[in-house]
């Protein structure tokens, strides 16, 4: 972000300090920077450096903010008798808003290819510009729309073929280094079948399906599931850390704090390599003037994968230096030494060793590469500048992630859902939800649960409630307030949703961790829609969100007022 | 038609502690004055700059407007500035008029109910988004209805009594109060007048500029509940997109007087489908003198939706109203 902003402002990178200590969500759509970001900076410059605050109202956000591109389309899917998808044809039309083409439909096709592994596939996509605000990537661009549209069709196929819903998901699931897309790109790992089985047990799927059908009065229970895939990691960034004479480990992060706390969790990858407990770790972030290495941008679920790797690389660099220093001081060869529990010590005789703080002092005395005054040649200039801030203050670990990988990294969330639909009012009560993640090594269970359940809830909100309306004659938005845009409240989702994760490491990354943030939302949306369709005897509402009017119109056969390819209504 | 979001317009704020003081202020400032109670309706208008009253009279400190009192005939009188939470939690309201307590409990959110008042809930303005956004429609004094065209966004608008305005009454308590034959007590410097709840709410054919019978310089001071429907079988249901913080797509309130299995009298009132809570008199009449069975329920429900004229996006409200009326009869319990 700093590099991009400096370029856009016509400044040298080293002349810009971008302070971003706390940053809320919606980051995907802000990955490229938003032109309005520059307005306060430019005005401040015009005013001789006086601080300038730009405040945007909710209403104004609806004029130039970024919304998710809507997709409509048709699908034709062929199945064998056992439920295997033999062919899939998708035709999608995307609403691109006013400014530029969006790629959500192309991404959706790739996710369909990955998630269902069709033996043959054809995709056609068309982009339409509309006189509505700009579009940008929202959580799981393409994947959310695809899962919402296609997974319920898988449910219908299961019903018509007389196959268990989870079985049709399993038989079509990606496995191992599955391939996808027209280029037949492979992924690094997929353990979807394991996630399905884990969810079947935890959700008590076989018991739940026995509850399907009429429950009380006009209400009917439906059970559904969906598979949300999403890209889960980047590679090739730099890690930077320092062990100070007091023995504390400071990890310098170029990423910020988005509330998911990956900025802290990914630092623990370094701590684990160096055998340092969490309470002896400090994390520096948010202000490049304190030393921020070249980092991944924080969108597209890159961070956990990219920065566990980068911090692991920097920690391995520090580890080697610790071993070398110990061997130099205490004898033997570096390989004779282990690093753990705040010390570097000889494996054969643990009493022989030194504390990390002592090693840091030695590093300062040695200088050169040990204290960060000589740096690897392959790190980014931004990292070199960051290392310069801390050079000479301890033992510096700095390295580029050169671990490589064979393929692209993806994570998967399987959502399981039970709903109760009131056939007389169209209301939907989401009774239960479980999310099971294939996201590699679990870094922080509590933060992971927040991602899984938060994303799932967002998916349900989008599937059932949220939309914006524009008067087509006047081009004005009708849904600019919280009470008209209708994000889900706590009473609209299960009060105690559940989660689980496989904790199976990805083989192509040293820590084994994959990102998770975006595979979660499609799982929530798709599972609740699939469950509603199940409750309605296999009829799938064709529009989202599925509000009471959509359900009642479907059940009663009345005109909902909507027409094909109509949008924003 | 865009709103200008400059600084909020200054207004003169008065916070009288006596009702007479408020009435005197209203007389003095006439149509310049805006009465503020809980503020749940007021602040939306002021924040959007769609309303810019020069004078605001905050009646929140007038004790006379708060509280629940027993009337001489054994009914209850509820001060208009009583919060919805206070209404819900009052033991006599929940004991004698659970229909009202239930309806009040479905308003918005706990935070809004803690601040919003019963009087404010019944006197609030419509939520038609065209009108609320400051568009110069008939209700706003203009000469067009933006919500009633072939392309308008009118999913949440009316199916009954659509005139030059197709907005709906957003109040959850209003249908309950009409069903309970409540009386609205209104004061002004000229004195007091009492208006039956059924006549308090106006349809656009009667007055397209106002949702209620409140005139300039008047304050709704209390709502009186007679004993007629106290303890009788009743039913309330509100259907909305969300389970909290949402206005009704449709709602129904019923009160039935049943003895020996025969309906002696009935009140059936629907909300969210017209500019006022709509008492379904023809449907009520079809029920009176009959027992409640499938045939009577079906007949009553069919009558309830006679004359419905849906707009482009709200035909579902006809079905929904029919189904809610059925439930209001079959589900009524003491």
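Per residue, what volume in Å³ does the convex hull of the Cα atoms of region A:72-216 enclose?
147 Å³
Suppose R0 equals 30 Å; then what is the FRET efficiency for residue A:365 and residue A:289 from their Cβ-Cβ distance, rounded to the nearest 0.05?
In this case the efficiency is close to 0.65.
Please compute the Cα-Cα pair-distance distribution of region B:88-243 with 10 Å bins starting at 0, giving whole percents from short to long.
Computed distribution, short to long bins: 10, 35, 35, 17, 3.
Mind checking B:236-247 for the average number of partner chain beta-carbons within 10 Å of each residue's beta-carbon? Don't skip to the answer; put the middle values down first.
On the way: counts 0, 1, 1, 7, 5, 13, 12, 9, 5, 7, 6, 2.
Mean partner shielding for this stretch: 6.
Between helix A:356-366 and chain A, what is the angle of the helix's C-alpha long axis to the longest principal axis, kept within 0 to 90° and rounded to the nearest 10?
The helix A:356-366 is inclined about 60 degrees to chain A.
Just to be sure I understand: if I project the alpha-carbon convex hull of region B:69-145 onto a plane and average over all orientations, what area do I get in nm²?
6.7 nm²
Roughly how many whole Å is it from the C-alpha centroid of region B:257-317 to that of region A:166-205?
Comparing the Cα centres of region B:257-317 and region A:166-205, I get a distance of 53 Å.
Measuring from centroid to centroid over Cα atoms, what is the spacing of region B:49-75 and region A:438-483 in Å?
About 39 Å separates the Cα centre of region B:49-75 from the one of region A:438-483.
Taking each residue in A:478-486, count the Cβ atoms of any other chain within 10 Å of its Cβ, then average. What number comes out? Numbers along the way, then the final one.
Details: counts 11, 2, 3, 7, 1, 8, 6, 0, 5.
Across A:478-486, the average partner-chain Cβ count within 10 Å equals 5.
Given N residues in the protein assembly as shown, what is its alpha carbon radius of gyration divided by 2.2 N^0.38 Å?
After normalising by residue count via 2.2 N^0.38 Å, the value is 1.10.
If you count, for each residue, the other Cβ atoms within 10 Å and average over each peptide, how do A:503-516, A:428-441, B:279-292 line up from highest to lowest?
Peptide ranking by packing, descending: A:428-441, A:503-516, B:279-292.
Between residue B:92 and residue B:262, what is the FRET efficiency for a Förster distance of 45 Å, r being their Cβ-Cβ separation, to the nearest 0.05?
Numbers: r = 29 Å, r/R0 = 0.65.
Calculated value: 0.95.
For a distance above 17 Å, tell me the whole-number percent of Cα pairs in region A:481-569 that qualify.
Counting pairs separated by more than 17 Å, the tail of P(r) holds 66 percent.
For chain B, with a Gaussian network of springs between Cα atoms less than 10 Å apart, report the residue from B:245, B:34, B:229 with the top mean-square fluctuation.
Top of the fluctuation ranking is B:245.
Just to compare against my own numbers: the Cα pair-distance distribution for region B:12-61, 5 Å bins, whole % per bin, please.
5, 23, 31, 24, 13, 4, 0
Could you tell me the convex hull volume per residue, in Å³, taken over the Cα atoms of region A:382-437?
Working: hull volume 13.4 nm³, N = 56.
Value for region A:382-437: 239 Å³ per residue.
Could you work out how far helix A:519-535 tilts from the main Cα principal axis of chain A, as a 0 to 90 degree angle to the nearest 10?
With rounding to tens, the tilt is 20 degrees.
In degrees, nearest 10, range 0 to 90: what is the angle between the Cα axis of helix A:303-330 and the longest Cα principal axis of chain A?
20 degrees
So what's chain B giving for Rg/Rh, alpha carbon basis, Kirkwood Rh from the mean inverse pair distance? Intermediate values should be presented prior to the final figure.
Working: Rg = 19.6 Å, Rh = 20.3 Å.
Radius of gyration relative to Kirkwood radius: 0.97.
Could you tell me what a quarter of the Cα convex hull surface of region A:32-74 works out to, in nm² with one decimal place?
Approximately 4.3 nm², given one-decimal rounding.
Kindly rank A:399-407, B:265-273 from highest to lowest mean number of other beta carbons found within 10 Å of each residue. Please report the intermediate quantities before stating the final value.
Numbers: A:399-407: 16.8, B:265-273: 27.4.
For the peptides A:399-407, B:265-273, the packing ranking is B:265-273, A:399-407.
Which value, to two decimals, describes the C-alpha radius of gyration of region A:398-494 once divided by 2.2 N^0.38 Å? Kindly include the intermediate steps, with their values, before the conclusion.
Details: Rg = 19.3 Å, N = 97, 2.2 N^0.38 = 12.5 Å.
Cα Rg divided by the expected 2.2 N^0.38 Å: 1.54.
What does region B:1-96 give for Rg and for Dmax, in Å, if only its C-alpha atoms count?
16.6, 53
Report, in deg cm²/dmol and to the nearest 500, the calculated mean residue ellipticity at 222 nm for chain A, where each DSSP H run with n ≥ 4 adds -39500 (n - 2.57) and the sum is divided by the residue count.
-10000 deg cm²/dmol
Can you give the Kirkwood hydrodynamic radius for region A:238-400, in Å, rounded to one decimal and based on Cα pairs? Provide the component values of the computation, followed by the final result.
On the way: mean 1/r = 0.0651 Å⁻¹.
Every distinct Cα pair counted, the radius reaches 15.4 Å.
Dividing the convex hull volume of the alpha carbon atoms of region A:187-313 by its residue count, what do you get in Å³ per residue?
172 Å³
Please report the Cα spread of region B:48-88 along all three principal axes, rounded to whole Å, starting with the longest.
44, 19, 16
Report, in whole Å, the centroid distance computed from the Cα atoms of region A:129-163 and region A:502-538.
Using only Cα atoms to place each centre, the spacing works out to 13 Å.
From the helices alone, meaning DSSP H stretches of at least four residues, give me the mean residue ellipticity at 222 nm for chain B, per-run term -39500 (n - 2.57), in deg cm²/dmol to the nearest 500.
Result for chain B, helices only: -7500 deg cm²/dmol.
Distance in nm between label sites at residue A:261 and residue A:340, each 7 Å beyond Cα in the beta-carbon direction?
Each label point lies 7 Å from its Cα, and together they span 2.7 nm.
Let me confirm one metric for peptide B:152-162, namely the mean number of other chain beta-carbon atoms within 10 Å of its residues' beta-carbons. Could you put the intermediate results ahead of the total?
Details: counts 6, 13, 4, 8, 3, 0, 0, 0, 0, 0, 0.
The mean count of partner-chain Cβ atoms within 10 Å per residue comes to 3.
To check my understanding: the extent here is largest minus smallest coordinate of the Cα atoms along each principal axis. What are those three numbers for region B:152-249, in Å, largest first?
Taking max minus min along each principal axis of the Cα atoms, region B:152-249 gives 43, 36, 23 Å.
Given the convex hull of the Cα atoms of region B:100-148, what is a quarter of its surface area in nm²?
Working: hull surface 18.0 nm².
It is 4.5 nm².
Just so you know, all these numbers are worked out from the coordinates, no wet-lab data involved. This one's a predicted model, so the numbers in the text were calculated from it and none came from an experiment. A quick note on method: Cβ atoms are made from the backbone with ideal geometry, for glycine too, and the neighbour counts reach across all protein chains shown.
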